[in-house]
Amino acid sequence: MMREDKTPVLVLMGVSGSGKSTVAGIIAGAMGWDLQEGDALHPPANVAKMASGQPLTDEDRWPWLDLIAAWITDHTEKGLPGIITCSALKRSYRDVLRGGQVVFVHLAGSREQIGQRLTTRLDHFMPASLLDTQISTLEPIEPDENAIVVDVGGSPTEVATEIIAQLERRLEN
């Protein structure tokens, strides 16, 4: 499903607390790829809404998803590999981001695993109270989506290593 040049852009996706930023940083460092934190592209109104414990609506998300898609398009048009973090909870959101070189990497875990991570995280605007909303919004990856699904049960380094191994196998084909 990747184009001939096989230069991927990874979208590390999953609910808040699944380890997107940490794992993306490890992969970007190991591969020497550009990294964009998707949350940094949220407008201030979205950040304030989430920080106050209110979930975002689709209307809140569309402009943000357009910015993420623009970053992806810039990289794919230039043939640059990269990694961007984005919850990409719904198929319709992933459809905005999808492209021939885009590989979705779903960091999947149980509510207990991710909930425990959220309660220890101090440096993020997203409160743990929104986890259930995110879990109920999450639409599973479908067979026709170009995706890798990895369980977040291991350490961030183990998860990143598994993603790199799966990606390398895909690129060999």
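The values are calculated or read from the model by the stated rules, or taken from the named source; none is laboratory data. Since the model is a prediction, treat every value here as computed from it, not as a measurement. Cβ atoms come from the backbone with ideal geometry, glycine included; neighbour counts cover every protein chain shown.
If only one of 22, 57, 85 is out of contact with any strand residue (DSSP E or B) (no Cβ under 6 Å at 6 or more places or on another chain), under 24 Å from residue 165 (Cβ atoms) and among the polar types (S, T, N, Q), which one is it? Full working, then the answer.
Values: 57 fails: under 24 Å from residue 165 (Cβ atoms); 85 fails: out of contact with any strand residue (DSSP E or B) (no Cβ under 6 Å at 6 or more places or on another chain).
Of 22, 57, 85, the one residue that is out of contact with any strand residue (DSSP E or B) (no Cβ under 6 Å at 6 or more places or on another chain), under 24 Å from residue 165 (Cβ atoms) and among the polar types (S, T, N, Q) is 22.
Scoring residue 56 on the criteria (1) in a helix (DSSP H, G or I); (2) more than 22 Å from residue 151 (Cβ to Cβ) leaves a single failure, condition (1).
Results for (1) over 19 Å from residue 25 (Cβ atoms); (2) at pLDDT 90 or above; (3) acidic (Asp, Glu); (4) not in a loop (DSSP other than H, G, I, E, B), shown as yes or no for each residue.
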| residue | (1), (2), (3), (4) |
| --- | --- |
| 114 | no, no, no, yes |
| 117 | no, no, no, yes |
| 123 | no, no, yes, no |
| 161 | no, yes, no, yes |
| 167 | no, yes, no, yes |
| 171 | yes, no, no, yes |
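Considering 16, 87, 21, the condition of being of a type in the set (S, T, N, Q) and assigned to a helix (DSSP H, G or I) is satisfied by 21 alone. For segment 27-44, how many residues meet the condition of being touching a residue at least 40 places away in the same chain (Cβ under 8 Å), surrounded by fewer than 21 Cβ atoms within 10 Å (Cβ to Cβ) and not in a strand (DSSP E or B)? Selection size over segment 27-44: 6. Can you find even one residue in segment 72-85 that is hydroxyl-bearing (Ser, Thr, Tyr) and in contact with an Asp or Glu (Cβ under 8 Å, 6 or more places away or on another chain)? Among the residues of segment 72-85, at least one is hydroxyl-bearing (Ser, Thr, Tyr) and in contact with an Asp or Glu (Cβ under 8 Å, 6 or more places away or on another chain), which makes the answer yes. Taken as a whole, segment 59-69 holds at least one residue that is under 11 Å from residue 102 (Cβ atoms) and outside any loop (DSSP other than H, G, I, E, B). Within segment 47-66, if we keep just the residues that are at pLDDT 90 or above and buried (at least 16 other Cβ atoms within 10 Å of the Cβ), the residue that is farthest from residue 159 (Cα to Cα) turns out to be 60. If the condition is being within 14 Å of the chain's Cα centre (by Cα) and assigned to a helix (DSSP H, G or I), then segment 129-155 contributes only 134. Residue 93 falls short on exactly one of the conditions (1) within 16 Å of residue 133 (Cβ to Cβ); (2) assigned to a loop (DSSP other than H, G, I, E, B); (3) not acidic (Asp, Glu), and that condition is (2).
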